[in-house]
Amino acid sequence: MPRTRYQIFEKTYPYFMTSTVVAWLPVFVRPEFVEILFDSWRFLQQERDIRIFGYVVMENHIHWIASAKDSAEDLSEQVGRFKSYTARRIIDELDRRAFKTLLDELQFFKLRHKIDQKYQVWQEGSHPQQIQDDEMMQQKLEYMHQNPRRRGYVDDPIHWRYSSARNYAGMQGLLEVETDWR
């Protein structure tokens, strides 16, 4: 598949994105690392006009649906900044807490061409898929929200605290999301 399939190219649509930790390492098993993601998402919402429609945080990857209010380039740029910023904060926190084994793994699995950095947290790309209609939006939200249930972590998606499933069930979630994407 050519890389061009996974690009943000139309500003009027939200995009379903996946970001995976290198080697599927379980970075997000501790709340303090998940909170780094939430802080960054809140910043994107409040300061960069990014609309977030849904998300799920698993131990080694995240899925989220978002759009930029202004331009498609802005969303792509903001996703890149999100990944860069969260990676830096995660590495700093791992170092502060002396999580040497995980830092060693992030160094070992770093792509060799990334010579300007010691560690790599995220795999390259986010594989954005354009949400074109209500049916596709519902399918992607269902896929995200069912992820913890499929893994056997919860019986009901609303019990996974790191997901927007609660928001869509009319409950308070950890992150405000827009449930009307039109």
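The values are calculated or read from the model by the stated rules, or taken from the named source; none is laboratory data. Keep in mind the model is a prediction, meaning the values are calculated, not measured. Glycine also receives a Cβ, built like all others from the backbone with ideal geometry; neighbour counts cover every protein chain displayed.
At a glance:
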read-out: Residue selected from the range 159-173 under the condition surrounded by fewer than 17 Cβ atoms within 10 Å (Cβ to Cβ) and not small (G, A, S), by the criterion nearest to V29 (Cα to Cα); value: R161
read-out: Only one of Y119, Y153 that is surrounded by 12 or more Cβ atoms within 10 Å (Cβ to Cβ), without any contact (Cβ under 8 Å) to a residue 24 or more places away in the chain, of a type in the set (S, T, Y) and not in a helix (DSSP H, G or I); value: Y153
read-out: Some residue of the range 48-64 being touching a helix residue (DSSP H, G or I) at 6+ places or on another chain (Cβ under 9 Å), within 24 Å of A169 (Cβ to Cβ), touching a residue at least 40 places away in the same chain (Cβ under 8 Å) and of a type in the set (S, T, N, Q); value: no
read-out: From the options Q138, Q146, Q78, Q132, residue that is without any contact (Cβ under 8 Å) to a residue 60 or more places away in the chain and either outside any helix (DSSP H, G or I) or closer than 19 Å to F28 by Cβ (or both); value: Q146
read-out: Filter result (among the hydroxyl-bearing types (S, T, Y) and within 15 Å of S19 (Cα to Cα)) within the range 67-102; value: S76, S84, Y85, T86
read-out: In the range 88-116, the residues that are aliphatic (A, V, I, L, M), surrounded by 12 or more Cβ atoms within 10 Å (Cβ to Cβ) and out of contact with any helix residue (DSSP H, G or I) (no Cβ under 9 Å at 6 or more places or on another chain); value: none
read-out: Contacts under 9 angstrom Cβ, first residue in the range 94-111 being over 17 Å from R30 (Cβ atoms) and assigned to a helix (DSSP H, G or I), partner hydroxyl-bearing (S, T, Y) and modelled with pLDDT of 95 or more, 6 or more apart; value: Q107/Y119
read-out: Every residue from the range 156-178 that is part of a loop (DSSP other than H, G, I, E, B), farther than 14 Å from V57 by Cβ and β-branched (V, I, T); value: none
read-out: Meets criteria (outside any helix (DSSP H, G or I), modelled with pLDDT of 95 or more and buried (at least 17 other Cβ atoms within 10 Å of the Cβ)) for V34; value: no
read-out: Whichever residue in the range 37-53 is surrounded by 15 or more Cβ atoms within 10 Å (Cβ to Cβ) and out of contact with any Asp or Glu (no Cβ under 9 Å at 6 or more places or on another chain) and, among such residues, is farthest from E93 (Cα to Cα); value: L44
read-out: Filter result for A87 (free of Cβ contacts under 8 Å to residues at least 40 places away in the same chain and touching a Phe, Trp or Tyr at 6+ places or on another chain (Cβ under 9 Å)); value: yes
